[in-house]
1. Any chance segment A:99-113 includes a residue that's open to solvent by 10 Å² or more (accessible area, probe 1.4 Å), in the same structural domain as A:TYR30 (by the TED database) and part of a loop (DSSP other than H, G, I, E, B)?
2. Suppose we filter segment B:30-43 for residues that are part of a loop (DSSP other than H, G, I, E, B) and within 12 Å of B:GLY15 (Cβ to Cβ); how many remain?
3. Given the condition of a type in the set (A, V, I, L, M, F, W, C), modelled with pLDDT of 95 or more and open to solvent by 10 Å² or more (accessible area, probe 1.4 Å), answer yes or no: does some residue in segment A:344-352 qualify?
4. Regarding C:GLU355, is this residue closer than 30 Å to D:THR271 by Cα, open to solvent by 10 Å² or more (accessible area, probe 1.4 Å), modelled with pLDDT under 95 and in contact with a Pro (Cβ under 9 Å, 6 or more places away or on another chain)?
5. D:ASP86 versus (1) touching a Leu at 6+ places or on another chain (Cβ under 9 Å); (2) open to solvent by 10 Å² or more (accessible area, probe 1.4 Å); (3) touching a residue at least 12 places away in the same chain (Cβ under 8 Å): which is the lone unmet condition?
6. Just to be sure, is C:ASN124 polar (S, T, N, Q), closer than 20 Å to C:TYR310 by Cα, open to solvent by 10 Å² or more (accessible area, probe 1.4 Å) and facing chain D (nearest Cβ under 10 Å)?
7. Residues in segment A:156-176 that are open to solvent by less than 100 Å² (accessible area, probe 1.4 Å) and of a type in the set (D, E, K, R): how many?
There are 4 protein chains.
Amino acid sequence: LIMSKGTVVLAYSGGLDTSCILVWLKEQGYDVIAFLANIGQDEDFEAARKKAESLGAKKVFIEDLRSEFVEDFIWPSVQANAVYEDRYLLGTAVARPCIARQQVEIARKEGANFVSHGATGKGNDQIRFELTCYALYPEVKIIAPWRIPEFYNRFRGRTDLMEYAQKHGIPVPVTPKAPWSMDANLMHISYESGILENPKSRAPADLYLMTKNPEDSPNTPDDLEIEFKNVFVGSPCLSLSGKHGVGRIDIVENRFIGMKSRGIYETPGGTILLKAHLDIETFTMDKEVRRIKQGLGIKFSELIYNGFWYSPECEFVQHCINKSQENVEGKVQLSVFKGQVYILGRESSKSLYNEELVSMDVQGDYDPCDASGFIRINAVRLREHHRLQGFSSTKQ
Amino acid sequence: LIMSKGTVVLAYSGGLDTSCILVWLKEQGYDVIAFLANIGQDEDFEAARKKAESLGAKKVFIEDLRSEFVEDFIWPSVQANAVYEDRYLLGTAVARPCIARQQVEIARKEGANFVSHGATGKGNDQIRFELTCYALYPEVKIIAPWRIPEFYNRFRGRTDLMEYAQKHGIPVPVTPKAPWSMDANLMHISYESGILENPKSRAPADLYLMTKNPEDSPNTPDDLEIEFKNVFVGSPCLSLSGKHGVGRIDIVENRFIGMKSRGIYETPGGTILLKAHLDIETFTMDKEVRRIKQGLGIKFSELIYNGFWYSPECEFVQHCINKSQENVEGKVQLSVFKGQVYILGRESSKSLYNEELVSMDVQGDYDPCDASGFIRINAVRLREHHRLQGFSSTKQ
Amino acid sequence: LIMSKGTVVLAYSGGLDTSCILVWLKEQGYDVIAFLANIGQDEDFEAARKKAESLGAKKVFIEDLRSEFVEDFIWPSVQANAVYEDRYLLGTAVARPCIARQQVEIARKEGANFVSHGATGKGNDQIRFELTCYALYPEVKIIAPWRIPEFYNRFRGRTDLMEYAQKHGIPVPVTPKAPWSMDANLMHISYESGILENPKSRAPADLYLMTKNPEDSPNTPDDLEIEFKNVFVGSPCLSLSGKHGVGRIDIVENRFIGMKSRGIYETPGGTILLKAHLDIETFTMDKEVRRIKQGLGIKFSELIYNGFWYSPECEFVQHCINKSQENVEGKVQLSVFKGQVYILGRESSKSLYNEELVSMDVQGDYDPCDASGFIRINAVRLREHHRLQGFSSTKQ
Amino acid sequence: LIMSKGTVVLAYSGGLDTSCILVWLKEQGYDVIAFLANIGQDEDFEAARKKAESLGAKKVFIEDLRSEFVEDFIWPSVQANAVYEDRYLLGTAVARPCIARQQVEIARKEGANFVSHGATGKGNDQIRFELTCYALYPEVKIIAPWRIPEFYNRFRGRTDLMEYAQKHGIPVPVTPKAPWSMDANLMHISYESGILENPKSRAPADLYLMTKNPEDSPNTPDDLEIEFKNVFVGSPCLSLSGKHGVGRIDIVENRFIGMKSRGIYETPGGTILLKAHLDIETFTMDKEVRRIKQGLGIKFSELIYNGFWYSPECEFVQHCINKSQENVEGKVQLSVFKGQVYILGRESSKSLYNEELVSMDVQGDYDPCDASGFIRINAVRLREHHRLQGFSSTKQ
């Protein structure tokens, strides 16, 4: 009779890696609860359940987190215009705390002292998973096999995993693995590693699963209108975005642990939402509030990327951003075509846009003479600086 | 015999407005020097010279500023990834200090105490012109007719200008004016006012002069490679960008004077340069330097937009950004197609990208166990926070 | 019979300047309502009322704003640790919106279309007054005599005011004016202009009215304890601060309009509150929240200084800062002595300080080995940078 | 015959801890080079040399780093106005990279692959030491005994160290240890741990070694003048500062690893330099440059505190701050008395202070009417906001 070392809730994907981890954890003496989150990825969830059960999972939880993923994670990111390093829309990063929150919930409910995941030891996801776990379940113990020498020395490559699988009755994939890894959810798919590690090599055309190649996308644009309210009002119909090839990027980014890595992302709906939200926000938000909020949004993006969704500072920043959105309401008209999103117009009852005030044809409540004083006072400092510098010539 | 009130250097465009201003300034008793800057706009410069002379300009200066515009103004903006309010690439804003610098140079050389321009009293350009003038020529006196009641009350609309023109022998345009105003240079064209003042109304398809309608642009992408060095190495061949319809945006923005205004911009080459520079920069620049530099770039953009190119703080920020670019060198491969720019790959001898370090297949000089400590230490604070909060549930 | 031009609410101080303005405004054809705010300055308010009435004020409002000044203006500034340019505690700046808010309230109630004040044309106070007025009463018309040529050309110095006063039966001060100007309220007194304009000249020892010269202050410290809650809990007993000579500074600062000016301030109680609040805040607030809040506090300080108390961005920042203060509660023990404040200790039920965790004697819930990983991961980037730089020597 | 594991350069203090570490490292099979930096602490360096030799150090390096500590580390911090979390002047933090730089230099010269130190596993100093080592000597291996279970489990308290010392012929201190730990250099002394770990308990009066108790300090102030140039011009005579009890603080701060800790610091000369530098900087630096530089200074302080002196971002920030100091030159007159520093006046040939411009008595090159326009344009946005809000009352 072997004493169990305890129960571990494993973030299970149904794939080769986490299947091997499931069995390996059992080998190590743990009771394993498999947890698979449905966040919109393309997956046969029932097959995954059966697979986990057949591998000896004590329990299997498959939870549909799609609506909370959209409402609690994607929507705040849209409100923040969250973009990491000017380009990445954080599709994987926002999914991690959503999954880990549920994983911790299960661990607490099931009295499990351990959680485990299949994230690698060089990436961001391990951090995002674990910081969420520690934040929400501080006493939890984390088993990260890809950071445990016994594990990673045993499984040095896919071949080792395949062998182990065959030996332990783990079904092995029949189709060959793509020469890169990917992560998918309803918001985006990311591709990295393998042949993509060479930052110069062009991504193969058949890599993309979520968006059409713009060259093959429809030859006529589709127009749509997105309405924003300051609370989430349902996922707008964004099926057009993938069809039109919107949201592909190929970037090198800085991981939290200080490495540069190359990632290819497709975020069709998120890209449209970002562009539309940016537009309605500038239309309705005061200029100086916008400036401060822009800084907070950048901070928020870094926090999400680095795994600090559940942190005092992220909670704080989210609260502030939330406040900024009070009047961000209205409709944006846009057109999608061949990978691009074009804003066509916008309207809002909360807008600070004042057509009469800005008009070149009517004066409105504005005295142009005021501008002279405004400019001259702004120049006081510049003229003083010049006086001190004593420029002899205007060209430097 | 009438005494001259002095000499004024007028930023002359050759159009109806500044032609009327030229004559009006003479009427007011000034000697007028007409100055027309060639910054790449589509203009018959010789015709403009003759027109100015015929209207009584004491002298006419037509100066080719194209190369200094690119080197001294566009290039630093590219290095800064300068974008105002997340979208506007500042094509008009960077041109103003370039023109005004030359205008001041002429004023000094010609002993003129006055400068004048045709910018309106509600816009940003008046500020950009005048702050540059005050910064570089603090004693200068500025005549801004559109802020002088005698002028703007006399010329309440285009009809008044046309009448005045006919009365004073100013050639009037034969083609009807477009129902919006525009500003063009080699980097971009902006469109605003008139029918565009309604933020909801869609811009007419025939408005764009610099870029093809993506629907009519080539059906096959063009690939190109852009090489960056940390000094300007010549304007890359960007003729492809307009052909492929790159760089159109329709935005509402916040003017310095606190109004929201709607602008439509096309910045074909600048858009490609921005995307390529962003890519090579992230590839070669340290993560934390990038973060600080990103903040400085946003500041720089606001300064440019608001007209503070020649200011102590802009000089300071430019110096800092310049320092950050020391290793930003390399080549970016990209593809342009139907209004969109796709980064395909990049390479650099200065890159901080370490393919072995980041590889999922080899371990490199990296111990995955270190990540456990890294995560646990980052969690110290989060666990403390949780302890204080005493969350009863993980779901808020 | 003369038609009144309308009613003006004048911010009246009881002094020579605003008395002359009162009479001058009547001369110009206005009905004048005198408004004098009691914000804790040393003033004979009843004498001021009689004076204003005798000068022909249609009505006189003397309003005790002390408690709203403390609660609505000083307290939020303490929470923000508001300090302008690292030194100035904003004692005058926070009083202006408090006064102007009431002035506007009276103007609205009395149906007055005009407000007026005696602030100079070079200072910050004109801006603080007027931005508040425009923000809260956008249609108001402002009469700023010191910016009206007829006024300032007539009153070129104190002698002109004295003459005018004698001619119009305005009581003239019997004691000679101090060779500087001052502004006082319950929080502070500022001194500037006159002989203080020379930034090198030492302020006279008899200038200070609110604090004892530390050389003459008690030779033994007084200890006190300040308790903070996240709502305002009454003005703590700070009478000790002036007695001990706390809060004197002599600085050069940058005015909003771009000039440098020299000011001498004494802020006895505010200085103690700032130091105590800083201490309890760091004791109870998460490190990263603190960092973000620090930036917002600096922004808040600039907004207050520049007169933007009533602005969308200040409202926004105040909301954010407010959120950050939720757990900022506890007691700070301190000692005041000879101009200095010494923090002695602090305690709080909301503190994130964990004596066991930080102890060098016990290990607590902390594994020192984690720090190795933390450091090594933080070094990944530094080592990469070094690799690229290829330093041959460690000394630069 | 035992093979050496290699050579380790130990940062040796001469005290009990690092003496035990020296012997323990030898026990573990290393050759030990003892390195003791003279950064101005009160130490019998020759006695320490003999002690290290007697304990079996292969070599002993005692290096006088005082002038490079002042020039390369303290001076840039003064220029940055470096203060961590609004209060701590970073006296220990700036010393660590100075010491570690030399340690690495010796390790390289002596062909040592290892460095070691006696810093604890919960503090900041381990990080500051090691990040410097990794940055400047990426291949180095670090031995941090207080993070090695064999070491810290063996030496659980001072008694264990004393026993080990007696057993191994390590001279034990004859005077009892103060119930706190301290770190001293020419700039400051820090005190923490032991009885100070209770954040409420008042620090004993006899703790301070560098400054007089203000109650016992001279009863008359001393005046002094400090001259700044934009290069370091020698350590000003600051002996007065300790005598007058300047620079004592008692704070709780946030360590990099996420704990709050209580520290007591005395930084007499540094406090005066900070105050004087702040004054001359605001006097000579443009307002907007100052604002940007203030942000960079805060960043710089965090970097120093966290141990990133030798990092790409710190190098970058230092370069920027350096640029900002170009005109920061002049003399500051001040007075020190009973723990407090009073600025009395300042002068500079590079000042942007314009006495005529700011004067209330003369108009200078300034038209007060300009301020009306300035204010009204600044109000455009505020009035628009009000229009949207439709406040019914001015009091919220």
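1. Checked against the condition, which is being open to solvent by 10 Å² or more (accessible area, probe 1.4 Å), in the same structural domain as A:TYR30 (by the TED database) and part of a loop (DSSP other than H, G, I, E, B), segment A:99-113 yields at least one hit.
2. Step one: filter segment B:30-43 for residues part of a loop (DSSP other than H, G, I, E, B), giving B:39-43.
Next cut, within 12 Å of B:GLY15 (Cβ to Cβ) only: B:41, B:43.
Qualifying residue count for the region: 2.
3. So the first thing to find is which residues in segment A:344-352 are of a type in the set (A, V, I, L, M, F, W, C), and the list is A:344, A:352.
Checking which are modelled with pLDDT of 95 or more leaves us with A:344.
This time we only want the ones that are open to solvent by 10 Å² or more (accessible area, probe 1.4 Å), so: A:344.
Among the residues of segment A:344-352, at least one is of a type in the set (A, V, I, L, M, F, W, C), modelled with pLDDT of 95 or more and open to solvent by 10 Å² or more (accessible area, probe 1.4 Å), which makes the answer yes.
4. Values: closer than 30 Å to D:THR271 by Cα: yes; open to solvent by 10 Å² or more (accessible area, probe 1.4 Å): yes; modelled with pLDDT under 95: yes; in contact with a Pro (Cβ under 9 Å, 6 or more places away or on another chain): yes.
In short, yes.
5. Evaluating D:ASP86 over (1) touching a Leu at 6+ places or on another chain (Cβ under 9 Å); (2) open to solvent by 10 Å² or more (accessible area, probe 1.4 Å); (3) touching a residue at least 12 places away in the same chain (Cβ under 8 Å) leaves (3) as the failure.
6. no
7. So the count comes out to 2.
Yes or no, residue by residue, for (1) of a type in the set (A, V, I, L, M); (2) over 22 Å from A:GLY111 (Cβ atoms); (3) open to solvent by 20 Å² or more (accessible area, probe 1.4 Å); (4) modelled with pLDDT under 95:
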site	(1), (2), (3), (4)
A:GLY6	no, no, no, no
A:ALA11	yes, no, no, no
A:GLN28	no, no, yes, no
A:LEU36	yes, no, no, no
A:GLY40	no, yes, yes, no
A:ALA47	yes, yes, yes, no
A:LYS58	no, no, yes, no
A:ARG66	no, yes, yes, no
A:TRP75	no, yes, yes, no
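The values are calculated or read from the model by the stated rules, or taken from the named source; none is laboratory data. Predicted, not measured: the structure shown is a model, and the values here were computed from it. Glycine also receives a Cβ, built like all others from the backbone with ideal geometry; neighbour counts cover every protein chain displayed. For accessibility, only protein heavy atoms count, side chains too; no ligands or nucleic acids. Shrake-Rupley method; radii C 1.70, N 1.55, O 1.52, S 1.80 Å.
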